[in-house]
Amino acid sequence: MEAIERFFSVRGLAPHGYCLFWDPALVWTHVVSDVVIALAYFSIPFLLWRLLRIRRDIEFGWLVALFAIFILACGMTHVMGIVTLWVPAYGWEALVKAITAGASLATAALLVPLLPKLVAIPSPAALQAANEALRREAEVREQAEAMLRQSQKMEAIGRLTGGIAHDFNNLLGIVIGNLDRVQRKGELPEDTSRAIDNAVAGAERAAVLIDQLLAFARQQPLQRLPHDVNRIVAGMSELIRQTLGSRIDLAIELEPHLPQAIVDRHQLESALLNLAINARDAMDEQKGGSVEISTRSGDAGMIELAVRDSGCGMDAETLSRAAEPFFTTKPVNEGSGLGLSQVTGTVEQLGGRVEIESAPGTGTVVRLFLPSHPGSAPNA
């Protein structure tokens, strides 16, 4: 107790101002400087305390608190520097410096092993890049989920359409069969014969629609046989020309010596006619336009059959839905919306693919990539 009392005693010691000969300029320079430094040191722990109060999630909060104690102790040493100018309380000053030294050593000792973790903390730029990557991943995931929902919807529609089409096809077969029997019975009154002919024509048009539904549902049995695509196009040229009308120019560019393609001839002819009708409907009735049908050897053993028109084209939203079943931009009762879906269903069922390019004012190109017959000799 006597040693402690002697350590903190101020008797017999001169104040620090005595060493400065009480020179006002020196004394007040020390005072002002120490006051400014002490205020700065005291403000830093307050700001750190506010930070820890607001951001309780900071992982190294205890280190920040220890650093604040160290800064506070440094501020106290400057306060004691002011006191000892007039009061020789060097024991208390030494105690404050000892606390400061302990805090500084503890801070340094704990900071060294934490340095790798502190360095590993991502920078704001790295965090922004990570957020951008997460945003892009979320967009990709949303697109994948939308595609999955669309495929599930298409599968459900396909199953429903296929079931209804099969049942309706059976009923339609009975209707056509009985009408045919009536026609074969002999002479009929003219009005009765005309009514039966109209009924047969309507039933045959319904049969075409059923074929489209079954092709969309991927349930139409296809006859996969080697065929000369050029010959199919040439054989359809006159029908397509009549379908397009006199105001629309038809050009046919067929690459010679094409291998044979594995297709269902009737379904491919139906698909080609559907594309021609779509091209015709995309053009102005008064101004007309042009349609070009071309064939060429594609990549990876495919044969490309393309139909290009100079019509109005499609915007991005319409293009994204062009092959959806029952989607059409035509007025009510002027289209079933099964044309492109039937084409897509037929080609994909054959093992090929369909690509569509279009933009407003530039027309549309529909490319059918059909599997070629392996080992078939090129057609002349």
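The values are calculated or read from the model by the stated rules, or taken from the named source; none is laboratory data. Everything numeric in this text was worked out from a predicted model, so none of it was measured. Quick reminder, even Gly has a Cβ in these numbers, built from the backbone with ideal geometry, and neighbours come from all protein chains shown. Protein only, heavy atoms only, side chains kept; ligands, DNA and RNA dropped before computing areas. Shrake-Rupley method; radii C 1.70, N 1.55, O 1.52, S 1.80 Å.
Just a yes or no: is a residue in the range 26-47 modelled with pLDDT under 75, of a type in the set (Gly, Ala, Ser), out of contact with any Phe, Trp or Tyr (no Cβ under 9 Å at 6 or more places or on another chain) and open to solvent by 50 Å² or more (accessible area, probe 1.4 Å)? Walk me through how you get there before you give the answer.
As a first pass, look at the range 26-47 and keep what is modelled with pLDDT under 75: none.
No, because not a single residue in the range 26-47 is modelled with pLDDT under 75, of a type in the set (Gly, Ala, Ser), out of contact with any Phe, Trp or Tyr (no Cβ under 9 Å at 6 or more places or on another chain) and open to solvent by 50 Å² or more (accessible area, probe 1.4 Å).
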For Val31, the lone unmet condition from (1) outside any helix (DSSP H, G or I); (2) under 29 Å from Ser9 (Cβ atoms) is (1)
Can you confirm whether Leu115 is surrounded by 14 or more Cβ atoms within 10 Å (Cβ to Cβ) and aliphatic (A, V, I, L, M)? no
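Results for (1) surrounded by 13 or more Cβ atoms within 10 Å (Cβ to Cβ); (2) of a type in the set (A, V, I, L, M); (3) more than 38 Å from the chain's Cα centre (by Cα), shown as yes or no for each residue.
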| position | (1), (2), (3) |
| --- | --- |
| Arg224 | yes, no, no |
| Arg241 | yes, no, yes |
| Ala261 | yes, yes, no |
| Asp264 | yes, no, no |
The lone exception for Leu118 - which of (1) at pLDDT below 85; (2) in contact with a Ser or Thr (Cβ under 9 Å, 6 or more places away or on another chain) it fails: (2)
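Does the range 103-113 contain at least one residue that is farther than 30 Å from Gly17 by Cα, out of contact with any helix residue (DSSP H, G or I) (no Cβ under 8 Å at 6 or more places or on another chain) and modelled with pLDDT of 85 or more? Before you say what the answer is, go through the steps one by one.
Quick first cut of the range 103-113, residues farther than 30 Å from Gly17 by Cα only: 105-113.
Retained after the next criterion (residues that are out of contact with any helix residue (DSSP H, G or I) (no Cβ under 8 Å at 6 or more places or on another chain)): 105, 108-109, 112-113.
Going one step further and asking which of them are modelled with pLDDT of 85 or more, we end up with 105.
The answer is yes, given that some residue of the range 103-113 is farther than 30 Å from Gly17 by Cα, out of contact with any helix residue (DSSP H, G or I) (no Cβ under 8 Å at 6 or more places or on another chain) and modelled with pLDDT of 85 or more.
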If a residue has to be open to solvent by less than 70 Å² (accessible area, probe 1.4 Å) and part of a helix (DSSP H, G or I) to count, how many in the range 68-89 make the cut? 15
Among all residue pairs at least 6 apart or on different chains, which show Cβ distances below 6 Å where the first residue, located in the range 340-364, is charged (D, E, K, R) and the second is open to solvent by 30 Å² or more (accessible area, probe 1.4 Å)? Glu355/Arg367
Any residue at all in the range 90-97 that is more than 22 Å from Ile44 (Cα to Cα) and either β-branched (Val, Ile, Thr) or part of a loop (DSSP other than H, G, I, E, B) (or both)? no
Restricting the first residue to the range 39-66 and requiring it to be farther than 22 Å from Leu115 by Cβ, which pairs with a second residue that is surrounded by 12 or more Cβ atoms within 10 Å (Cβ to Cβ) meet a Cβ separation below 6 Å and a spacing of at least six or different chains? Tyr41/Ile71; Tyr41/Cys74; Tyr41/Gly75; Phe42/Gly75; Pro45/Ala68; Pro45/Ile71; Pro45/Leu72
Just one of the numbered conditions (1) in contact with a helix residue (DSSP H, G or I) (Cβ under 8 Å, 6 or more places away or on another chain); (2) modelled with pLDDT of 80 or more; (3) open to solvent by less than 30 Å² (accessible area, probe 1.4 Å) is not true of Val200; which one? (2)
